Ligand SMILES: [Zn+2]
């Protein structure tokens, strides 16, 4: 990925007033010099979410969310930093300067843009056919029979691919899409595979078309459902892998459901697109479906941006259980809590909602049990349960899943609970559980401010942070001092060091926002809380800084003096210690005000 130039980030920060940006998502109420609202990141009745125009940052007293305009967008839209920068740039009409873009990269990006355009327009074209074409009457009839009305078809942009070998080819060619682009998109096939000069024909014919979106809502592929049961080909035909679409990366419906999943921190994983659409329309909206494949580690990583727990619905047959097994391994390995829901036999969520109504399905969702409880309650047979050997055998199966859980505390809890419930010694179970599995490749370390407690730097460090961010003169003074030799051995000063070594200018809001943007989410959040904390008196910054330096230098001096006393016989050590002592005295002279500020009483 090309990097976005830091100047560009600052330029975008300067053009993106945080009050205007946040205010474009939900109304803000003025409260003194700040603005407040009900926090969008946690459930609350009285507003504890504040936006400060002066500091160009936001923070929530309730859940700890906070940061600059970039972090707000990242958190609210669940997008990454480059994407947040791009969206704010688009909003401000700034073109992004991306560094070091190779010719190859440019070609790739241009192709991507063209393919997105093609998918977007094709989706609309399929949709128009479904709504208007005479030849689509059976497709409309089918949707009706599945209880899907026009509104729903519009919301999910459901379409119809005409029963023709070249309807799409002719239309797309008329829209000036090149043959190579059509082939790359997977919407058409080459008559002779691998021969780019052979004729092309439509991949999807006489099918109900579901556009597949990525999580930010771009159409990147299609899934076509058969309408004539006699027709050749599978029940579903999906787009092949293309520069836009990798099967194991996409969760169907996520672009619509992500806000609901993020609110609940929980996702219901369903099997098919129709299940998902029916459930979503019936009001069970925190749903996703793996697209055209079993659940993958990439899916788990994607889902982890929004959810901590997952509800799976087992198909009651052995094949369904085997498929679920792999999904369980992936979910446990990804650090999810897993609950299991049950369907009446022969029903899927779609058929169940249509027959028994949304409430019946919602009850099933709510009744979903923790995976281990479910196993013990439903899968442990009476015969197994009655013998120690039976229970130990069962425990062995369960220990496989526990050993996948990356969180050690959670593993320990699970082991204890299971040992009690299975009436076997805890140590026995402990031994069955293997050493901790490493987190799966591609599983991001969660850095989610809304759900994690922040550990604030100690009081004096927080005050210095706050002052350095607000007081240009103080920051300049510290930067002229050999500050690194002071903070390098004081724990908890990482954020402070970042402020000192940055190019940050406290008087310039864009520069402050640019600095915020350079921080990981957790640090940006911490800093916005420090800024917002009225108990931290920024006027004390200089005093605290000088005291910190004095105390640190004093500590080192005592250490060296002790060495000198203890090793008076060894000339080499003596010499080194004397040298170090001299360095400390030099440092002390750099902090000229130390004696006056640190010990006024002496
Ligand atoms: Zn909050």
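For the reader, a short list of remarks on this structure follows.
- Cβ-derived FRET efficiency at R0 22 Å, residue 409 paired with residue 533, nearest 0.05: 0.15
- Note that the stretch 1-96 carries a Kirkwood radius of 13.7 Å, evaluated over its alpha carbons pair by pair.
- Helix-only mean residue ellipticity at 222 nm for the chain, each DSSP H run of n ≥ 4 adding -39500 (n - 2.57), per residue, nearest 500: -15500 deg cm²/dmol
- When peptides 251-263, 323-335, 64-76 are ranked by their average number of other Cβ atoms within 10 Å per residue, the highest-first order is 64-76, 251-263, 323-335.
- Extension gain from residue 103 to residue 472, taking 0.36 nm per residue of separation minus the Cα-Cα distance: 128.6 nm
- Principal-axis tilt of helix 358-367 within the chain, Cα atoms, nearest 10 degrees: 50
- The stretch 464-499-the stretch 142-205 distance, computed between alpha-carbon centres (Å): 60
- According to the calculation over all Cα-Cα pairs in the stretch 325-415, the P(r) per 5 Å bin from zero is 3, 12, 19, 18, 16, 15, 10, 6, 1, 0 %.
- Computed log₁₀ I(q)/I(0) - Debye formula, equal Cα scatterers, no solvent, the stretch 129-256, q 0.22 Å⁻¹: -1.47
- Cα centroids of the stretch 340-392 and the stretch 233-281: 23 Å apart.
- Per-q log10 I(q)/I(0), the stretch 155-197, q = 0.14, 0.18, 0.31 Å⁻¹ (Debye; single scatterer per alpha-carbon; no solvent): -0.38, -0.60, -1.19
- Only alpha carbons enter this Debye calculation for the stretch 239-282, each as an equal point scatterer, and the log10 of I(q)/I(0) it gives at q = 0.24, 0.27, 0.32 Å⁻¹ is -0.93, -1.04, -1.19.
- The orientation-averaged shadow of the Cα convex hull for the stretch 233-364, equal to a quarter of the hull surface, comes to 8.2 nm².
- Taking max minus min of the alpha-carbon positions on each principal axis, the stretch 197-307 gives extents of 49, 31, 22 Å, largest first.
- Cα-based equivalent ellipsoid, the stretch 474-593: semi-axes from gyration tensor eigenvalues, Å: 35, 14, 13
- Annotation: the residues 185, 502, sorted from fewest to most other C-beta atoms within 10 Å of their own C-beta, follow the order 502, 185.
- Nearest-ten-degree value, helix 408-422 long axis tilted from longest Cα axis of the chain: 60
- Using the Stokes-Einstein relation with a Kirkwood hydrodynamic radius computed over Cα pairs, the translational diffusion coefficient of the stretch 346-390 at 10 °C and a viscosity of 1.306 mPa s comes to 126 µm²/s.
- Sorting 586, 17 from the fewest to the most surrounding beta carbons within 10 angstrom yields 586, 17.
- Taking the convex hull of Cα positions in the stretch 297-360, its mean projected area over all directions (nm²): 4.9
- Share of alpha-carbon pairs per 10 Å distance bin for the chain, given as whole %: 3, 13, 19, 20, 19, 14, 8, 4, 2, 0, 0
- Degrees separating the helix 6-15 axis from the principal Cα axis of the chain, which is the longest one: 80
- Cα extents of the stretch 114-187 along the three principal axes, largest first (Å): 39, 23, 17
Every number in this text was worked out from the coordinates using simple rules, so none of it is lab data. Because the structure is predicted, anything quoted here is derived from the model rather than measured. Neighbour counts are summed over all protein chains in view; Cβ atoms, including those assigned to glycine, are modelled from backbone coordinates with ideal geometry.
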